[in-house]
Amino acid sequence: MSKHPILKVAVNVPLSREFDYLAPAHGAVPTAGQRVSVPFGRRQQVGMVTGHASASDVPAAKLKACVEVLDRDVLLSEADLWLIRFVSDYYHHPIGEVVAAALPGLLRLGKPLHPSIEKVAATELGASADLPALEKRAPKQALLLEALLDAGDDGLDAELATEMLPQWRRAAKGLVEKGLIRFFETLGDEFVDELASSRVPGPELNQDQQSALSTLRSSDHYGVYLLDGVTGSGKTEVYLQRVDDVLRAGKQALLLVPEIGLTPQLVSRLRDRLGVEPALLHSGLSDSARLAAWRAARSGAAKLLVGTRSSIFTPLKQPGLIIVDEEHDPSFKQQEGLRYSARDLAIVRARQLDIPVILGSATPTLEVLQHCRNGAYQRIVLPARAGGARAPSIRLVDTLRAPATDGISEPLAESIQGHLADGGQVLMFLNRRGFAPTLICSSCGHIAGCERCDSRLTVHAARQQLRCHHCGASRPLPENCGECGETVRPLGEGTERLEDSLQKRFPRAVISRIDSDSTQKKGAMAEALENAASGQADILVGTQMLSKGHHFPNLTLVGVVNADQGLFGTDFRSSERLAQAIIQVAGRAGRENRPGEVLIQTAYPANPFWEALIKGGYRQIAETALSERELTHWPPFTRLALLRSAAPRKADAHRFLLVARQYLASKSVDTLRVLGPVDAPMARKAGLYRAQLLLQSSDRANLHRVLRELRPVFENDPAARKVRWSIDVDPIELF
């Protein structure tokens, strides 16, 4: 290597390569894992040094030097960079964009690892100000000053102030001029992993749990363990004991959960039982809080990390264990940009770090079950509920014989009444938010559609809006048809309409709707779940987010309002997904000493799916689906990659993918099947026409070799400028 090595730098641009730069003229040569500021085109970019080279394909005279080294020490270790390279190679995604996805937002922007935080606080003069008088003259200034006085001498972070009072800076200007408040900077707070003075003892493990824990304790080295336990079987208790082992050994544990809504109950339980403060990593945090947790994980200050999908990239000083809770959940697969699976990366990362990984689920994916069949993963079964609780009974309601009015049939209404009278709590499950799926004209039959998508607009009665759940477009809710002028009416049910219907039928009941519309405000989700768990709400109405791992002690009845939505899906995973949704939501009922009941409304009670699910449970559905997949050569028996394109003109979207098809035809690759290009199931979304090309192969190595060759073909194709395109390896949604 030469005295002045050439730096290989990953820059956040959509090109599958690293860029060559010279080291800065002064100072030490940056090493792999340090960030640098580099000239790129007409601007400067933040890049990550990934290595050194002794020569470059770029003429020496044209090589540019780094402007600045942004990190004093190495930010990412060799293990962290290995994971980044693996992700770039496996998912065929530009390495610079992978680096960006792996870093907290502030580090992506070039901020230091220990950034200073802008703060604002009241002055001595502000502390003695006449608030009532100020409120009369300038109410917004008074509101801000009051918040700062409540915060004390330390004041508020500017980020937090923005969350509390979005327009606070306008008010601040006048208060600064009056000398009532001041701005200053301070170093960000460090994460404190406080040990509790005492721990709350957990319940005694039953024989199945003890056996599971014994198996998990058999090795501290790499191994994949599927903890396949029915809902309420006490998987979390087993996790807790195994995490405790790891923490006592002075190592770190990373727990992945599918959604931030799961974290409040879980974090409280972890804190009480393990005596440590978990570091949280999810999109609901401020940038500074997320960086503090990331920094604590990297330094080893945080021993227990709880996070959603992107936390799989978090550096760990002393890794000891990775747990993926609810491994079947689709939320673990990123659906935009870098389309990675956090569950799959957890397994890859555990192997590279030589530590165990636990996958937990009551409804494991068929891919994981097949790995267990092959002996690659070890399956540990918890067949019964912990604490003597019994599995809920499941009953079908034929909506052809007992029609549903506003989503509720009479048999279901009677059950709700009975459970409420007995002091039980009810959960109504409908995986469709809004008031109604669409608006229809009573005269001409015209249905309100989105102008930018091949989709119907959803009625949101509370806001008097029609809204597209795909592109976000909205318009006022009309009273008359735009085509013929006659009266329009909502058709079908959403959670908002179901809540309204339940309120009319059960006026004395406290009803809580929990969906992405009702929990948009900060803290709303945690508050709603706390009310649900404490029993303050009599009836819960919600979507899929209510089925995910929550524990509601008083819940005795689950009503599935429209189970037929997934019964005739076009995706080959439809039956698997429907079974998972039903089993998961049914598992919320009867988790304590009171028996639970599940009523499923369906217009197709004779469908074989229902008999298989009720008599054989998820296991029978999974076994049948695996047999069908093997016969039809679908995953997990083959590998898929989906090439997508989107463009303002339909012809451009298809023409781009035809380039790929023609290239593949010229190669005559064995074991490769090419389907398409065809329109996506929703051919137009957000004003763009979408097409897709599906690659299917029984040989994973062959598939990846083809994709490796295809990516530069795409990047160098002039037609690429007219389209948005992506490669999705191991897609879970064929849309």
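Here's a check for you: in the stretch 106-132, which residue that is among the acidic types (Asp, Glu) and more than 36 Å from the chain's Cα centre (by Cα) is nearest to VAL69 (Cα to Cα)? Only one residue fits best here, namely GLU124. When every residue of the stretch 654-665 is checked against the conditions, none turns out to be surrounded by fewer than 16 Cβ atoms within 10 Å (Cβ to Cβ) and either under 29 Å from the mean Cα position of the chain (by Cα) or in a loop (DSSP other than H, G, I, E, B) (or both). Filtered by the rule that a residue be modelled with pLDDT of 90 or more and either farther than 18 Å from HIS633 by Cα or exposed (fewer than 14 other Cβ atoms within 10 Å of the Cβ) (or both), the stretch 716-735 gives VAL723, ARG724, TRP725, SER726, ILE727, ASP728. The condition of being without any contact (Cβ under 8 Å) to a residue 60 or more places away in the chain and more than 30 Å from ARG644 (Cα to Cα) holds for only one of ARG85, ARG72, ARG35, that being ARG72.
Per-residue answers, yes or no, for (1) more than 13 Å from the chain's Cα centre (by Cα); (2) β-branched (Val, Ile, Thr); (3) buried (at least 23 other Cβ atoms within 10 Å of the Cβ); (4) outside any loop (DSSP other than H, G, I, E, B):
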{"position": "GLY284", "(1), (2), (3), (4)": "no, no, no, no"}
{"position": "ALA302", "(1), (2), (3), (4)": "yes, no, yes, no"}
{"position": "GLY337", "(1), (2), (3), (4)": "yes, no, no, no"}
{"position": "GLN370", "(1), (2), (3), (4)": "yes, no, no, yes"}
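Whether any residue in the stretch 69-88 is in contact with a Lys or Arg (Cβ under 8 Å, 6 or more places away or on another chain), part of a helix (DSSP H, G or I) and within 25 Å of LEU710 (Cβ to Cβ) is what I want to check. Yes, that holds for at least one residue. The sole residue among SER233, SER214 that is under 30 Å from GLY590 (Cα atoms) and surrounded by 23 or more Cβ atoms within 10 Å (Cβ to Cβ) is SER233. Within the stretch 694-715, at least one residue is under 24 Å from CYS453 (Cβ atoms), surrounded by 14 or more Cβ atoms within 10 Å (Cβ to Cβ), modelled with pLDDT of 90 or more and out of contact with any Cys (no Cβ under 6 Å at 6 or more places or on another chain). Taken residue by residue, the stretch 118-133 has at least one member that is under 30 Å from MET48 (Cβ atoms) and touching a helix residue (DSSP H, G or I) at 6+ places or on another chain (Cβ under 6 Å). Keeping to the stretch 240-272, report how many residues are modelled with pLDDT of 90 or more and assigned to a helix (DSSP H, G or I). Residues flagged as modelled with pLDDT of 90 or more and assigned to a helix (DSSP H, G or I) within the stretch 240-272 amount to 9. Which of the residues belonging to the stretch 314-330 are aliphatic (A, V, I, L, M) and under 24 Å from ASP228 (Cα atoms)? LEU321, ILE322, ILE323, VAL324 - these are the residues of the stretch 314-330 that are aliphatic (A, V, I, L, M) and under 24 Å from ASP228 (Cα atoms).
Somewhere in the stretch 21-35, is a residue surrounded by 13 or more Cβ atoms within 10 Å (Cβ to Cβ), outside any strand (DSSP E or B) and of a type in the set (S, T, N, Q)? Yes, the stretch 21-35 contains a residue that is surrounded by 13 or more Cβ atoms within 10 Å (Cβ to Cβ), outside any strand (DSSP E or B) and of a type in the set (S, T, N, Q). Scanning the stretch 133-189 for residues that are within 31 Å of the chain's Cα centre (by Cα) and among the polar types (S, T, N, Q), we see that the one that is surrounded by the most Cβ atoms within 10 Å (Cβ to Cβ) is THR162. So, in the stretch 559-569, of the ones that are in contact (Cβ under 8 Å) with a residue 60 or more places away in the chain and touching a strand residue (DSSP E or B) at 6+ places or on another chain (Cβ under 7 Å), which residue ends up surrounded by the most Cβ atoms within 10 Å (Cβ to Cβ)? Per the stated criteria, the residue is GLY559. Looking at the stretch 136-187 only, could you name the residues that are of a type in the set (Gly, Ala, Ser) and either on the phi > 0 side of the Ramachandran plot or in a helix (DSSP H, G or I) (or both)? Those that are of a type in the set (Gly, Ala, Ser) and either on the phi > 0 side of the Ramachandran plot or in a helix (DSSP H, G or I) (or both): ALA142, ALA147, ALA151, GLY152, GLY155, ALA158, ALA161, ALA171, ALA172, GLY174, GLY179. Inspection of the stretch 435-449 finds a residue satisfying the criterion of being in a loop (DSSP other than H, G, I, E, B), modelled with pLDDT of 80 or more, outside the structural domain of VAL561 (by TED's automatic domain parsing) and more than 20 Å from ASP564 (Cα to Cα). In the stretch 709-725, the residue that is farthest from LEU688 (Cα to Cα) out of those that are within 30 Å of the chain's Cα centre (by Cα) and not in a helix (DSSP H, G or I) is TRP725.
The values are calculated or read from the model by the stated rules, or taken from the named source; none is laboratory data. Keep in mind it's a predicted model, so treat the numbers as computed, not measured. We place every Cβ from the backbone using ideal geometry, glycine too, and count neighbours over all the protein chains shown.
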